[in-house]
Every structure is written in structure tokens, then in C-alpha cells.
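K.L.:
Dumping the structure here so I can ask a few things about it.
The values are calculated or read from the model by the stated rules, or taken from the named source; none is laboratory data. These numbers come from a predicted model, not from an experiment. Backbone-built Cβ (ideal geometry, glycine too); neighbour counts: all protein chains shown.
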């Protein structure tokens, strides 16, 4: 029988799916993530009002029948701003993780497959970036390039590259010397083809788990940068910006700073539960 | 063992040089003239030229990189334009407050996570286990600055138990420390749980039970002590999380540490100050992780290092 690719067999895939399906917390995570994504896509149809429309006659109103989650210091509807805010949270987190995943996986696979000096060089450079405490590298990058949504994506993306590189390298080293790789090498398959057709399909599972877990981190990081004034700029509706401006009115209008934080928490929690569930389903021994 | 120590310390040198390189290189990516940007729109051409000279911007990058390293050895990381002070002096003034905050937060993590994680490891999938699991994940998922605001609202504004912010005695320390510790408590509790559960499956735990030892002795003496070994490495990573989180926590609680200094530098676009703070925090993080790795080698009898 001729098999061009080596991937998880159908039976194994079924078992993975079954294990995931039986894990209630993982399902809660999957549903939360789905709600988050659907909200982001459908925000214009779900929002009762224009998230940017100011009305100073109704400023800082607590939740009521017209404004279900209240209004902010400019009289803007907080519910609409939270619904629209999901778009920017999803945009920043998914694009930055895509960036980290693409470059990290590529570098990690090259390091793991080629080995020796190339491996040393790539991984020492990755160590350099990992040596920065959480958030500080991103602060350094965005404060150099200037605040804004695209530089935030770039900064979070760069932060994630070494994390995915380490993961991909480890996964490649684990299968590098297996027989199906040696067979491919023996018939003269090029290194590039071995990496893309034989190694890559086999390291997808751990990479997917990491992508889900780090989506949560990316959301938290974007909110931290935005809170510090480096990320998404007002008047764009963003959850962390709502908390930052609501903080000034925390005694007179506590709903302004507290409600958007719940949105950040649920979106992040969803990705954490999903990532956890995927990891348990793919590798039941390593359950946390 | 000593060969491993020497190798591990030697490996740190390129990482430290690399970190300095990254910090120094970010100045290159500032769009426009960093000196003009630092001084603001009312700067005279003379003052811009003087600052360009002070920042070595009139020199090629490599010269500037080596001068930055040289300055680091002399304790000179440049001068803050907005504070009109040397960056190192400002950092030395604020560092103790940050170390105090992160130290107390780390202590909180240890005091809460280790007993809690061990306790639920003995009762996997029980109601309590699921509850702790959910709370751990929630702690991991809350933005640090938001946790701080909510705690201030509950315990300072409504209950009046703690001051809303500022620096002082133990009363001022409790809310910021809890805020900073919350995500790490979630992370470390999960880690302790899974690690102790793994140890509980080992033969020697069965042997200890077969000897007739009580379950509490087995759990806390046999399982926990071995289960803590992998947790040590996680604690190093958590410190990095906390040093970053301190920026947010200190901003919420007006805590006069490095984090608040960073926020000041961000708002005033004082890039030299940002570089200095980030570099110092990265060096602290690298040193602590080195220490963690070395102690890991000492306490873990199962692995021999070459």
C-alpha cells in the first residue's frame, strides 16, 4: 500500500474527538469561543446602538431598560461597545498568533530538522527573546514603533515566535529519526519536501493546542498594552480601553470599569478551556 | 555537576549580550529622529543635536551597542529626559518597592498553591477538584489590572478595609500583592496538582501505603516532596509573569516601583528610561532563572547533567 503522507489515522482521530466530546469543561470552552467568534462577526447586527454615538444627556448611566449595560462618560451604549470590542480582541489575537505560529513553526522545524549549528543559532536567538519577562518585550517594541493596533499585533506576534519555535522543534526532534522519515530520505526526497509533507502534518496537533492556549494570552496581552495606552486607541471600542477610562469613575459609575473586564475574562477563559481540552484529548497522560 | 554549572553560566553570556542587543536595537526602529521625539515639538535644534550626541545617535549602531554595554558595567544607562535624572539612579530608587511587591506575591503563591494543589490531587475529579480547577483557570484568565480595580472597589470603596493605593505598611501591600499573585496562583495550583497526581501513581507511594503509613503522611511527605521538583521550574517562569504584571498592578495601586516608572516613561515617551527599566527587569529575570535551573539540578536526584 502506498501512503504519501503520515498523519494520525482515522481511528485515532475518532478517539481524540470522543475524548474531547466527553470533557464537559472543554465543551464549555468550545461554546464560549464560538460565541466570541460569532459575536465578533455579527456585531453590527447584534448591537442595539452605534458604539461611537455620543449623547451627553445620558452619560454614566447604570444599567437600565434602554441601555442594558449602562452608558459611559460620553453617553455611549456599553453593550454595543462590548459587542464591537470583540471584533478588535479577535482581530488582534488571531493575527498575532498567526504571525507567531507561522514564523515560530518554520524556524522551529528548520532548527529541529537541520540540527547542529543551525539549531544552535536559531534557538539561541529564540532564548534571547524568551529572556524578557512577560509583556516587557511588547512594551519595548510598541513604545519604539508607536502605539496602535498594527504595532500591537506585531509586538504580540514577535513575543510568541520563540514559544512556537520551541514547541515545533521539540515535536520535529521526536519524529526526525523515525523510519518513515528515513525512508523518504533514502529515496532522495528533498529536505524542504520532507519538512512540508512528512514532518509538518505530524506536528500539527501540539501546535494547535498551543495556538488555542496562546490565543488567551494574546487577548490578555492586547488588553494590557491597550490599558497602558499603547494598544488600540480611542474612540475605537476596545474592552481594555473601556476599563482604563472607566477606572476614573470607579466610585460613581462602577459598571463602566467592571463589565468590560468580564468580557475579557470569558473570552480568555474560553480559549484556556478549549486548549486544555484539546491537549487532554490528544495526549491523555499529560492532563493538567 | 560543576561542569554543568559552568556550562549553564557560560550559556548565559550570549543571552545577556543578545538581550542588550535587542534593547539597544529598538532605538533604531523609532520612526523619525528619536532625539527630536524625546524632546517634544518645542525643542530647539541645538538641544536636539546635544541629545543626539548624548545618545550617541551620531555614531554607527555597533559603536552605540558597545558603549551601551560599557555603560551598563559602569552603572550608566543614560539620562532620563523627562525626569532630568540618571536612569540608574531612578531605577535604584524604585526597585526595592517592586521587589517587595513581587516577593510578597510570590510568597502568597507558595502558601496558597502548594497545599491547595496537593489537597485536590488526592481527590481527582471530585466537586472540590473541579471547583479549584475552574477558579484556577479564572485566575489565569482575568486581566491583572481589572482584578486590581475590582478588589479596590470591593475591599476599599465598599468595605473600607484597605487603602485604595499608595505605599505604606502591610495594609497598603495586601491588595496589590493579591492582584499580582492571582494569575500565578491559578497556574501553580494546576501544576502542583498534576505533578502530585503523577507521583501518586508511583510504586514507592504504594509501598509507603503498604507500610501502613497514614494517607496524610503519604500525601504530604512522599508525594508532595517529589511532586514539587518540577514545580520549581514553573516558579521561575512565574516570576517573569509577575515582573510584567507589576507594571499593571503598580499603575492601578499607585505603587511607587519600577512598574509605575515604566508607565510614566510610556506616557511621556521617555524611551531611554523604558530601555533601562526593561533591561534591568530582564537581567533580574535571567539571573533568577539561572538560580532556579541550578537549584533544580541540585534537588533533582534522578537526572544527571553532563
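K.L.:
Could you count how many residues in the range A:133-151 are assigned to a loop (DSSP other than H, G, I, E, B) and surrounded by fewer than 23 Cβ atoms within 10 Å (Cβ to Cβ)? Don't jump to the end; show me each part of the working.
P.N.:
Of all residues in the range A:133-151, those assigned to a loop (DSSP other than H, G, I, E, B) come to A:133-135, A:146-148.
Keeping just the survivors that are surrounded by fewer than 23 Cβ atoms within 10 Å (Cβ to Cβ) gives A:146-148.
Final tally of qualifying residues: 3.
K.L.:
How many residues are part of a helix (DSSP H, G or I), under 24 Å from residue A:274 (Cβ atoms) and within 8 Å of chain A (Cβ to nearest Cβ) if we restrict to the range B:131-146? So that I can check it myself, show each step before the final result.
P.N.:
Narrowing the range B:131-146 to residues part of a helix (DSSP H, G or I): B:131-141, B:144-146.
With under 24 Å from residue A:274 (Cβ atoms) added as a condition, the list becomes B:131-141, B:144, B:146.
Of the ones still in play, those that are also within 8 Å of chain A (Cβ to nearest Cβ) are B:133-134, B:137-138, B:140-141, B:144, B:146.
Summing the residues that are part of a helix (DSSP H, G or I), under 24 Å from residue A:274 (Cβ atoms) and within 8 Å of chain A (Cβ to nearest Cβ) in the range B:131-146 gives 8.
K.L.:
A further question follows. Return a yes/no flag: does the range B:278-298 have any residue that is assigned to a loop (DSSP other than H, G, I, E, B), at pLDDT below 90 and away from every other protein chain (no Cβ under 14 Å).
P.N.:
Looking through the range B:278-298, none of the residues is assigned to a loop (DSSP other than H, G, I, E, B), at pLDDT below 90 and away from every other protein chain (no Cβ under 14 Å).
K.L.:
What helices (runs of 4 or more DSSP H), lying completely within the range B:1-73, carry at least 2 residues that are within 21 Å of residue B:274 (Cβ to Cβ), more than 30 Å from the chain's Cα centre (by Cα) and at pLDDT below 85?
P.N.:
Details: elements: B:2-25, B:34-39, B:45-54, B:61-73.
Once the helices (runs of 4 or more DSSP H) in the range B:1-73 are filtered for at least 2 residues that are within 21 Å of residue B:274 (Cβ to Cβ), more than 30 Å from the chain's Cα centre (by Cα) and at pLDDT below 85, what remains is B:34-39, B:45-54.
K.L.:
Condition (residue is without any contact (Cβ under 8 Å) to a residue 12 or more places away in the chain and touching a strand residue (DSSP E or B) at 6+ places or on another chain (Cβ under 6 Å)) applied to the range B:105-112: is it met by at least one residue?
P.N.:
The answer is no; no qualifying residue exists.
K.L.:
So for the range A:112-132 (the condition being assigned to a helix (DSSP H, G or I), more than 9 Å from every other protein chain (Cβ to nearest Cβ) and surrounded by 23 or more Cβ atoms within 10 Å (Cβ to Cβ)), does at least one residue qualify? Let's see the steps before the verdict.
P.N.:
We begin by selecting, within the range A:112-132, every residue assigned to a helix (DSSP H, G or I); these are A:112-114, A:116-130.
Imposing the further condition that a residue be more than 9 Å from every other protein chain (Cβ to nearest Cβ) reduces the set to A:112-114, A:116-123, A:126.
So of that shortlist, the ones also surrounded by 23 or more Cβ atoms within 10 Å (Cβ to Cβ) come out as A:112.
Within the range A:112-132, one or more residues are assigned to a helix (DSSP H, G or I), more than 9 Å from every other protein chain (Cβ to nearest Cβ) and surrounded by 23 or more Cβ atoms within 10 Å (Cβ to Cβ).
K.L.:
While we're here: If you go through the range A:135-177, how many residues are facing chain B (nearest Cβ under 9 Å), without any contact (Cβ under 8 Å) to a residue 40 or more places away in the chain and in contact with a helix residue (DSSP H, G or I) (Cβ under 7 Å, 6 or more places away or on another chain)?
P.N.:
Selection size over the range A:135-177: 6.
K.L.:
Here is a follow-up. With respect to the numbered conditions (1) touching a helix residue (DSSP H, G or I) at 6+ places or on another chain (Cβ under 7 Å); (2) modelled with pLDDT of 90 or more, which one is the sole condition not fulfilled by residue B:96?
P.N.:
Only one criterion is unmet by residue B:96, namely (1).
K.L.:
Only one of (1) at pLDDT 85 or above; (2) farther than 25 Å from residue A:240 by Cβ is not met by residue A:35, so which one is it?
P.N.:
For residue A:35, the failing item is (2).
K.L.:
On to the next question. Here is a list: A:237, A:201, A:206. Which entry is more than 14 Å from chain B (Cβ to nearest Cβ), under 27 Å from residue A:74 (Cα atoms) and in contact (Cβ under 8 Å) with a residue 12 or more places away in the chain? Walk me through it before giving the result.
P.N.:
Numbers: A:201 fails: under 27 Å from residue A:74 (Cα atoms); A:206 fails: under 27 Å from residue A:74 (Cα atoms).
The conditions single out A:237.
Okay, residues lined up against (1) in contact with a helix residue (DSSP H, G or I) (Cβ under 9 Å, 6 or more places away or on another chain); (2) over 19 Å from residue A:248 (Cβ atoms):
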position: B:240; (1), (2): yes, yes
position: B:248; (1), (2): yes, no
position: B:259; (1), (2): yes, yes
position: B:267; (1), (2): no, no
position: B:273; (1), (2): yes, yes
position: B:280; (1), (2): yes, yes
position: B:285; (1), (2): yes, yes
position: B:288; (1), (2): yes, yes
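K.L.:
Separate question: Against the condition under 28 Å from residue A:215 (Cα atoms) and part of a helix (DSSP H, G or I), how does residue B:190 come out, does it pass?
P.N.:
Working: under 28 Å from residue A:215 (Cα atoms): yes; part of a helix (DSSP H, G or I): yes.
It is true that residue B:190 is under 28 Å from residue A:215 (Cα atoms) and part of a helix (DSSP H, G or I).
K.L.:
Looking at (1) within 14 Å of chain B (Cβ to nearest Cβ); (2) surrounded by fewer than 19 Cβ atoms within 10 Å (Cβ to Cβ); (3) assigned to a helix (DSSP H, G or I); (4) without any contact (Cβ under 8 Å) to a residue 24 or more places away in the chain, which one does residue A:261 not meet, given that it meets all the others?
P.N.:
(2)
K.L.:
Another one. I want to confirm something. Restricting to the range A:249-258 and keeping residues that are part of a helix (DSSP H, G or I) and within 8 Å of another protein chain (Cβ to nearest Cβ), which single residue is surrounded by the fewest Cβ atoms within 10 Å (Cβ to Cβ)?
P.N.:
Residues of the range A:249-258 part of a helix (DSSP H, G or I): A:249, A:255-258.
If we keep only those that are within 8 Å of another protein chain (Cβ to nearest Cβ) as well, we get A:257-258.
Working: A:257: 24, A:258: 16.
The residue in question is A:258.
K.L.:
From B:115, B:183, B:124, which residue is in a loop (DSSP other than H, G, I, E, B) and either within 14 Å of chain A (Cβ to nearest Cβ) or farther than 25 Å from residue A:221 by Cβ (or both)?
P.N.:
Working: B:115 fails: in a loop (DSSP other than H, G, I, E, B); B:183 fails: in a loop (DSSP other than H, G, I, E, B).
Exactly one residue qualifies, and that residue is B:124.
K.L.:
Any idea how many residues of the range B:191-202 are surrounded by fewer than 20 Cβ atoms within 10 Å (Cβ to Cβ) and free of Cβ contacts under 8 Å to residues at least 60 places away in the same chain?
P.N.:
Going through the range B:191-202 one residue at a time, the tally reaches 3.
K.L.:
Of the residues in the range B:203-229, how many are surrounded by fewer than 22 Cβ atoms within 10 Å (Cβ to Cβ) and within 14 Å of chain A (Cβ to nearest Cβ)?
P.N.:
0
K.L.:
Look at the range A:221-234 and say how many of its residues are free of Cβ contacts under 8 Å to residues at least 60 places away in the same chain and surrounded by fewer than 23 Cβ atoms within 10 Å (Cβ to Cβ).
P.N.:
First, the residues of the range A:221-234 that are free of Cβ contacts under 8 Å to residues at least 60 places away in the same chain: A:227, A:234.
Within this subset, residues satisfying the condition of being surrounded by fewer than 23 Cβ atoms within 10 Å (Cβ to Cβ) are A:234.
The total comes to 1.
K.L.:
Still on this structure: Restricting to the range B:148-171, what's the tally of residues that are touching a helix residue (DSSP H, G or I) at 6+ places or on another chain (Cβ under 8 Å), more than 8 Å from every other protein chain (Cβ to nearest Cβ) and assigned to a helix (DSSP H, G or I)? It would help to see each step written out before you state the result.
P.N.:
Filtering the range B:148-171 for residues touching a helix residue (DSSP H, G or I) at 6+ places or on another chain (Cβ under 8 Å) gives B:148-153, B:155-156, B:161-167.
Now drop any that are not more than 8 Å from every other protein chain (Cβ to nearest Cβ), which leaves B:148, B:151, B:155-156, B:161-167.
Within this subset, residues satisfying the condition of being assigned to a helix (DSSP H, G or I) are B:148, B:151, B:155-156.
Residues in the range B:148-171 being touching a helix residue (DSSP H, G or I) at 6+ places or on another chain (Cβ under 8 Å), more than 8 Å from every other protein chain (Cβ to nearest Cβ) and assigned to a helix (DSSP H, G or I): 4 in total.
K.L.:
Check the range B:246-266 and report whether any residue there is more than 9 Å from chain A (Cβ to nearest Cβ) and over 20 Å from the mean Cα position of the chain (by Cα).
P.N.:
Scanning the range B:246-266, I find no residue that is more than 9 Å from chain A (Cβ to nearest Cβ) and over 20 Å from the mean Cα position of the chain (by Cα), so the answer is no.
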